[in-house]
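J.: Pasting in a structure now, in structure tokens, and then I'll have a few things to ask.
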Ligand code: ATP
Ligand code: MG
């Protein structure tokens with residue numbers, strides 16, 4: 001590609017919403033431009049990199065037995081109503097009515113459509129397993145699009161779906177996809193960790209998340225130092241807390257806490273610490289039944305863990321009216337005493353159960369109660385009460401006795417054993433050997449292509465710009481002629497030689513100052529740079545510089561193409 005004939009609009013101007021390095025560098029290097037909030041245009045250099053990622057993903061999927069397909073990106077809303085996800089996806093899914101008044105959705109993912117295909121096309125166990133995937137745009141009206149293409153509204157996803165007659169068969173394909181994902185991230189040159197993740201309705205070890213450890217990530221990686229355990233924050237299981245102190249014997253005592261409906265406000269008023277507070281969260285399930293979660297004041301409820309305990313059912317914070325009706329008080333004044341018996345189900349976190357006692361809401365406006373003792377003033381175990389792990393892990397927690405550590409990361413891919421959730425609801429069924437009708441077991445496997453690109457940059461850059469892994473770099477080599485005559489001519493020759501040798505090369509044939517060209521080559525992050533300068537050319541040499549190294553080396557002009565092709569090959573093999 002010739003720089004003069006393409007559009008790589010490098011710039012020093014970084015918009016104020018570009019908070020993280022990859023976002024800033026993608027704009028500065030002219031890879032992308034913002035069209036609207038969470039919507040980006042890929043310009044030629046950005047597109048080349050995205051295509052290379054896509055090709056790696058496609059090759060690895062095909063190698064692992066996946067078959068490429070393409071579903072429409074507009075789906076009938078009806079399918080989503082049937083699985084209940086029309087409701088679950090909420091405002092994140094965009095919906096519109098067509099000219100005939102039919103409702104459609106913009107696909108945020110495609111389990112429904114694949115289950116629908118299966119329901120029509122699969123009839124016998126003899127057809128199974130099937131493993132299909134697509135690479136297509138997805139739309140999610142993210143609440144907070146940010147970090148450029150890391151969390152955008154429209155993005156390119158590879159999503160795969162598999163259909164099986166037995167759990168063993170599902171497991172086999174799941175592991176093949178798991179291995180293929182490792183290959184993909186290795187080939188793309190992004191560092192990653194594999195985390196245990198929440199599996200939805202299957203439970204157990206049914207999901208893994210592939211995450212790039214990195215400061216600007218929005219996910220939390222929870223791990224043990226010896227590497228024996230790594231999970232995302234939604235999943236990370238905590239050892240039950242031991243009760244350290246004796247339970248207090250003082251009687252409960254009501255205290256006036258006017259307008260103090262938050263933990264901080266109550267603590268200030270009572271002179272206590274958040275860890276001495278008992279937080280009572282009133283949730284409601286789909287049917288409007290009350291679910292109570294009790295955690296220590298300094299802990300956060302983990303809704304995934306709660307949902308798992310409810311067999312995959314999602315709950316949400318009860319409305320102000322529901323809370324008022326159930327507790328007799330406004331939001332912020334609930335306490336477990338007297339409420340547990342009335343609730344549909346109650347979950348007490350291990351750490352809250354282990355407290356010697358603490359302050360809780362009084363179920364009365366503007367009042368709290370001190371000296372509430374778990375097990376004495378509210379039950380820890382009964383027909384509808386259970387003590388369990390329902391909170392997010394924090395510093396100091398352990399897993400199997402080992403200290404849990406935390407770091408941030410970017411989720412780039414996730415694999416799931418879906419089980420029969422979608423196949424049951426959409427009747428994606430098969431007849432088994434005995435002629436018995438059964439729902440297919442399904443797996444699903446997603447990867448964000450734009451996210452891979454941004455996380456590759458996020459983990460490979462310096463003050464001069466991007467340092468691409470060569471496999472996904474927009475160009476493998478760049479030729480920078482400095483001078484208009486002999487230098488330009490030598491540059492042209494080298495360019496055509498390298499193209500003939502199959503090197504993906506950019507010729508910077510712009511009429512620009514040397515400093516500009518050299519800076520742009522670094523900013524764009526091309527792994528190999530050949531500079532054709534007047535002084536070295538007079539001696540029959542050109543300069544070669546790797547983006548990953550600070551030193552130049554001189555090579556003979558006539559050997560330049562061969563040597564460049566060789567180094568490109570070595571970089572690709574990982575031998576350089
Ligand atoms: P997140 O928790 O970050 O919102 P998710 O778990 O909802 O992501 P999945 O449904 O698992 O995402 O989608 C599969 C992959 O698609 C993700 O691993 C990620 O790489 C990519 N992806 C999801 N949402 C976005 C987005 N808004 N922008 C870019 N890529 C995304
Ligand atoms: Mg995910």
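J.: If you rank 444, 267 by fewest surrounding Cβ atoms within 10 Å, what's the result?
T.: The most exposed by this proxy come first: 267, 444.
J.: Another one. What FRET efficiency do you get for residue 386 and residue 215 if R0 is 25 Å and r is their Cβ-Cβ distance, rounded to the nearest 0.05?
T.: On the way: r = 38 Å, r/R0 = 1.51.
Efficiency, from the Cβ-Cβ distance: 0.10.
J.: Further question on the same structure: Label point 7 Å out from residue 298 along Cα-to-Cβ: which residues of the range 397-426 have amide N under 15 Å?
T.: 397-398
J.: Looking at the chain only, what percent of DSSP beta bridges run antiparallel? Nearest 5 please.
T.: Here the antiparallel bridges make up roughly 80 percent for the chain.
J.: Going by how many other Cβ atoms sit within 10 Å of their own, how do 12, 28, 296 line up, fewest first? Don't skip to the end; give the middle numbers.
T.: On the way: 12 7, 28 21, 296 24.
Exposure proxy ranking, most exposed first: 12, 28, 296.
J.: Another question, then. Against the longest principal axis of the chain, how steep is helix 557-573, in degrees 0 to 90 to the nearest 10, with axes from Cα atoms?
T.: The angle comes out at about 20 degrees.
J.: Any idea what angle helix 111-121 forms with the longest principal axis of the chain, computed on alpha-carbon atoms, 0 to 90 degrees, nearest 10?
T.: Once rounded, one gets 80 degrees.
J.: So for 262, 16, 330, fewest C-beta neighbours within 10 Å to most, what's the order? Each step should come with its number before you reach the end.
T.: Details: 262 11, 16 5, 330 16.
Taking fewest neighbouring Cβ atoms as first place, the list is 16, 262, 330.
J.: Note the angle between two axes, namely the Cα long axis of helix 44-63 and the longest principal axis of the Cα atoms of the chain, as a number of degrees from 0 to 90, rounded to the nearest 10.
T.: The angle comes out near 70 degrees.
J.: Which peptide among 352-362, 543-553 comes first, and what is the full order, when sorted by highest mean count of other Cβ atoms within 10 Å? Before the final figure, lay out the partial values.
T.: Details: 352-362: 23.6, 543-553: 14.8.
For the peptides 352-362, 543-553, the packing ranking is 352-362, 543-553.
J.: Run the paramagnetic zone check for residue 406: 7 angstrom along Cα to Cβ, then residues of the range 210-230 with backbone nitrogen under 19 Å.
T.: 211-227, 229-230
J.: Right, something else. Going highest first, how would you order 317-326, 479-488, 147-156 by mean Cβ packing within 10 Å?
T.: Final packing ranking: 147-156, 479-488, 317-326.
J.: Add -39500 (n - 2.57) for each DSSP H run of 4 or more in the chain, then divide by its residues: what number comes out at 222 nm, to the nearest 500 deg cm²/dmol?
T.: About -8500 deg cm²/dmol.
J.: Within the range 506-533, list the residues whose amide N lies under 19 Å from a label point set 7 Å along Cα→Cβ of residue 24.
T.: 519-526
Bear in mind that the values in this text are calculations on the coordinates, not laboratory data. Please read all numbers here as calculations on a predicted model, not as lab measurements. So basically every Cβ, Gly included, is an ideal-geometry build from the backbone, and we count neighbours across all protein chains shown.
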